[in-house]
1. If you go through the stretch 422-439, how many residues are within 15 Å of the ligand (Cβ to nearest atom) and closer than 16 Å to residue 188 by Cα?
2. Testing residue 419 on (1) within 14 Å of the ligand (Cβ to nearest atom); (2) farther than 29 Å from residue 65 by Cα; (3) surrounded by fewer than 18 Cβ atoms within 10 Å (Cβ to Cβ), one condition comes back false. Which one is that?
3. Since residue 167 meets every condition but one in (1) more than 8 Å from the ligand (Cβ to nearest atom); (2) under 24 Å from residue 267 (Cα atoms); (3) buried (at least 24 other Cβ atoms within 10 Å of the Cβ), which condition does it not meet?
4. All but one of (1) assigned by TED's automatic domain parsing to the domain that holds residue 313; (2) modelled with pLDDT of 95 or more hold for residue 154, so report the exception by its number.
5. Scan the stretch 68-78 and tell me whether some residue there is surrounded by fewer than 22 Cβ atoms within 10 Å (Cβ to Cβ) and within 24 Å of residue 447 (Cα to Cα).
6. Go through the residues of the stretch 313-327 one by one and say whether even a single one is in the same structural domain as residue 248 (by TED's automatic domain parsing), assigned to a helix (DSSP H, G or I) and either at pLDDT 95 or above or under 23 Å from the mean Cα position of the chain (by Cα) (or both).
7. Residues 186, 149: which one is more than 13 Å from the ligand (Cβ to nearest atom) and crowded, with 21+ Cβ neighbours inside 10 Å?
8. How many of the residues making up the stretch 417-436 are in contact (Cβ under 8 Å) with a residue 60 or more places away in the chain, in contact with a helix residue (DSSP H, G or I) (Cβ under 8 Å, 6 or more places away or on another chain) and more than 17 Å from residue 41 (Cβ to Cβ)?
Ligand SMILES: Cc1cc2nc3c(=O)[nH]c(=O)nc-3n(C[C@H](O)[C@H](O)[C@H](O)COP(=O)(O)OP(=O)(O)OC[C@H]3O[C@@H](n4cnc5c(N)ncnc54)[C@H](O)[C@@H]3O)c2cc1C
């Protein structure tokens, strides 16, 4: 039974942990509850700001004893559901990362962002399989698949985890790998947040120092030609290339350079993890084909990979919807061009980016993890900026319209990391095969039968 707020013995909890326990009248309550995605407004009953794994253990035991459900927040880039009236465990200060250069692995603590692992790994000439922004939490990203700029060469982050340490719904710390708690290892690998709090993970690192990477920006007037050339380009492209093509509508906001504010463009992005000269040659073929408005390709240390997408760092009121698509047919391209570009007035649809799948992602051992979208040919990610309820409604209408028209080209599945808010919540099932989903329910009943971890 859930205890009333007044009946919660928070002094007892405070006496057991090194971090802090916050309620609505605490000074730090607002900053602790606010996620990076400002579109989610959450009001937990109790917030535990954890400083170490023992704090997480004690917080979980307290929540269980007092009938509180538990949500976890690291950066708040991917909050699925507001943790209202329950317990939020905030882990953002637990950012330790240890690199093992001999075995090419990294041990990553619960609150580490990719930047923490990236900087240390690059000192040893290695890279983690992070995504477009090193500001994102390493574990949260991995729980949703983890498709970054090395995905076609080395695979998804979720396929390259060696082990997890997890705090269970009983408040026990357990080690999970292919041999120990192997059923859970399969399930944590894509659905971890539903079973407990992952206190740490050990991942593989890869030998990547310099990449040839960046973006080509073309005016919207030639978008159709750019899409067709992109489709031809990726037909037989090497796995060393991970690329996307994106329709972008730039808002009139300070995060956007002046010359782009209020404009739209089509952008080809890519990261080549092979010899720099070969990457340069490939991009020259684009430049010879058509001069872009901007060419930001160049040889960069992988530690600067954030520059490829240049995602915003400061929190924003963003949201996202996503579908997996089979093909970039002429008709599919036509739908995207008609629907995704702004029409005469500002649009809340910021970017409509298509990620090219395949390569090492498709070659992974599909039975080893619950993740079920290894064969996705293309993943469409529609990011919206929704500072007002009206913008939110307008975004939903546009995104739903695109999804509906793209249905003939869609697999009917989704990629979890490119969903936000209700979409993430409502479409969880579509991220899995029916068999995997059934197996996950069995695991959930075994490890968290009371659904303590119900927010993710
Ligand atoms: C700017 C931006 C760029 C992105 N780029 C990419 C990209 O290139 N590729 C890609 O695949 N995804 C990308 N994403 C999606 C991102 O990976 C997800 O939103 C991810 O869930 C963020 O994790 P987090 O820990 O930072 O966020 P949080 O909101 O703190 O966590 C997200 C979810 O994971 C759960 N969770 C996090 N850590 C743990 C843990 N230790 N134990 C249990 N549950 C946990 C939380 O409870 C929450 O439900 C991007 C998102 C943004 C906003």
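1. So in the stretch 422-439, the residues within 15 Å of the ligand (Cβ to nearest atom) come out as 422-428, 431.
Those still in the list that are closer than 16 Å to residue 188 by Cα too: 428, 431.
So the count comes out to 2.
2. If we test residue 419 against (1) within 14 Å of the ligand (Cβ to nearest atom); (2) farther than 29 Å from residue 65 by Cα; (3) surrounded by fewer than 18 Cβ atoms within 10 Å (Cβ to Cβ), just (3) comes out false.
3. Unmet for residue 167, out of (1) more than 8 Å from the ligand (Cβ to nearest atom); (2) under 24 Å from residue 267 (Cα atoms); (3) buried (at least 24 other Cβ atoms within 10 Å of the Cβ): (2).
4. Every listed condition holds for residue 154 apart from (1).
5. The answer is yes, given that some residue of the stretch 68-78 is surrounded by fewer than 22 Cβ atoms within 10 Å (Cβ to Cβ) and within 24 Å of residue 447 (Cα to Cα).
6. Applying the first criterion (in the same structural domain as residue 248 (by TED's automatic domain parsing)) to the stretch 313-327 yields 313-327.
Filter again for assigned to a helix (DSSP H, G or I), leaving none.
The answer is no; no qualifying residue exists.
7. Working: 149 fails: more than 13 Å from the ligand (Cβ to nearest atom).
Residue meeting the stated conditions: 186.
8. 3
The values are calculated or read from the model by the stated rules, or taken from the named source; none is laboratory data. The shown structure was predicted, so the numbers you read here are calculated from the model rather than taken from an experiment. Positions of Cβ are backbone-derived with ideal geometry, glycine not excepted, and every protein chain shown enters the neighbour counts.
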